[in-house]
Amino acid sequence: MTKLPDHPSRHHGWRLGPPLAAVVACAIVALLTIPAGLEAGTLVSLQDDPAALADHMLFLSFDAGVAKREIEAALGAGDADLAGSFLDLARDRNGAVDPGLADQVQTAKATAASASHAVGSFAQGLITGEPADMAGLAGTAVGDLFVFGDIRDALREGTRLVTGQPTDELILGLACAGLAITAGTYATVGAGAPVRLGLSLAKAARATGRMSAHMAQWIGRSLREVADWGALGRAIGGATVTGPVIAVRAAREAVKVEKTADLFRLAGDVGRVQVKAGTQAALDGLAIAEGPRDMSRIARVAEQYGGKTRAVLKLGGRAAILLTASVFNLFSWMLAAVMTLFGFCSSCKRTAERATERWIHRRKARAIRQQAALAAA
């Protein structure tokens, strides 16, 4: 008598439950890890291209609704320049903007550019060294270019240093570096103008509290190497005897020009941002940059986006120029996505194998039963 094969359920190798459960589990995990892994791979590929990284950030987070919200917020805060930056960005990326809202932006920009406002802002920048807009920066730059601004800041902070009062050594050091570069600007017929402008903006950012703590620490370390603080203290201390002109000359000579390369490179990047994207963009860059590398990346973004740079920085912050997650974490997501995909494929393969084994077993069992029935007949 022909023996029938055992029932499939008796063969643990043929059970479909475990591989099917693995397929479902891997599919659920894949819904979470594979998109994140693909995004991580994209970010890693863009890590050395800040302009492309900013464009990717905009692709993910910027649309007409965001543009409308940010424009209204900027107008409410009285920042016509930022509102105009978002308007330009929306138009550049084919985002629909309400015509009435666009008219409000143009009106606000016209008011900010009015003659009376410009004169007042220019005077404020010239006298205090704290610009609020382009006209204010023009006043600050004119004051620094003609030495007045740096002399004002150097004597004010230097006197505080000598008398033991609270001193902003950052502004003091930048003013002395400015005195040193001003002579170079004149000597090279403006070749050092971007650096001169960058130093003025760095002072303005420090004075108005728009410089990040990490950037201030980096500049502070650089200035400790650049300036001879002992000679500087003696120069300022002797101002009452030798007169301010001799003191300022001594303060300028206290700067070790041969060690200013890194500081002046940073100032040059700040000046590049101002030229391409405007004063407020440069100040916004100093507010989020944590060092010269960040400022260099912001300058590269400004070269591509121009007047839209403020909107990019406002929307993305440091994520617009630099990977905010570590490369290790990004690779972890990529590895998890690959492993999940491998597990899903393996589970599908094992499920197909077991289903095939069960189908073959049942065909054999059916054939044996038919043979047995024929034999019995």
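The values are calculated or read from the model by the stated rules, or taken from the named source; none is laboratory data. Since the model is a prediction, treat every value here as computed from it, not as a measurement. No Cβ is skipped: glycine too gets one built from the backbone with ideal geometry, and neighbour counts run over all protein chains shown. Ligands, DNA and RNA are excluded from the accessible area calculation, which covers all protein heavy atoms including side chains. Shrake-Rupley method; radii C 1.70, N 1.55, O 1.52, S 1.80 Å.
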Exception for Gly65 within (1) at pLDDT 70 or above; (2) open to solvent by 60 Å² or more (accessible area, probe 1.4 Å); (3) not polar (S, T, N, Q) falls at (2)
Any idea which of (1) open to solvent by less than 10 Å² (accessible area, probe 1.4 Å); (2) at pLDDT below 75; (3) touching a Lys or Arg at 6+ places or on another chain (Cβ under 7 Å); (4) not acidic (Asp, Glu) is the one Leu145 doesn't satisfy? (1)
Does Gly243 meet the test of being modelled with pLDDT of 70 or more and loosely packed, with under 15 Cβ neighbours inside 10 Å? no
For segment 246-289, name all the residues that are among the polar types (S, T, N, Q), over 21 Å from Ala154 (Cβ atoms) and modelled with pLDDT under 85. Thr279
Considering every residue within segment 297-309, establish whether at least one is within 15 Å of Gly198 (Cβ to Cβ) and of a type in the set (S, T, N, Q). no
Mind checking which residues of segment 44-62 are surrounded by 13 or more Cβ atoms within 10 Å (Cβ to Cβ) and either more than 24 Å from Asn94 (Cα to Cα) or modelled with pLDDT under 65 (or both)? Val44, Gln47
Just a yes or no: is a residue in segment 332-353 modelled with pLDDT of 85 or more, open to solvent by less than 40 Å² (accessible area, probe 1.4 Å) and in contact with a Gly (Cβ under 8 Å, 6 or more places away or on another chain)? no
Output the residue which, of all residues in segment 256-312 that are crowded, with 24+ Cβ neighbours inside 10 Å and among the β-branched types (Val, Ile, Thr), is farthest from Arg93 (Cα to Cα). Val270
Select from segment 192-204 the residues that are over 15 Å from Leu172 (Cβ atoms) and of a type in the set (A, V, I, L, M) and write down the one among them that is surrounded by the most Cβ atoms within 10 Å (Cβ to Cβ). Leu201
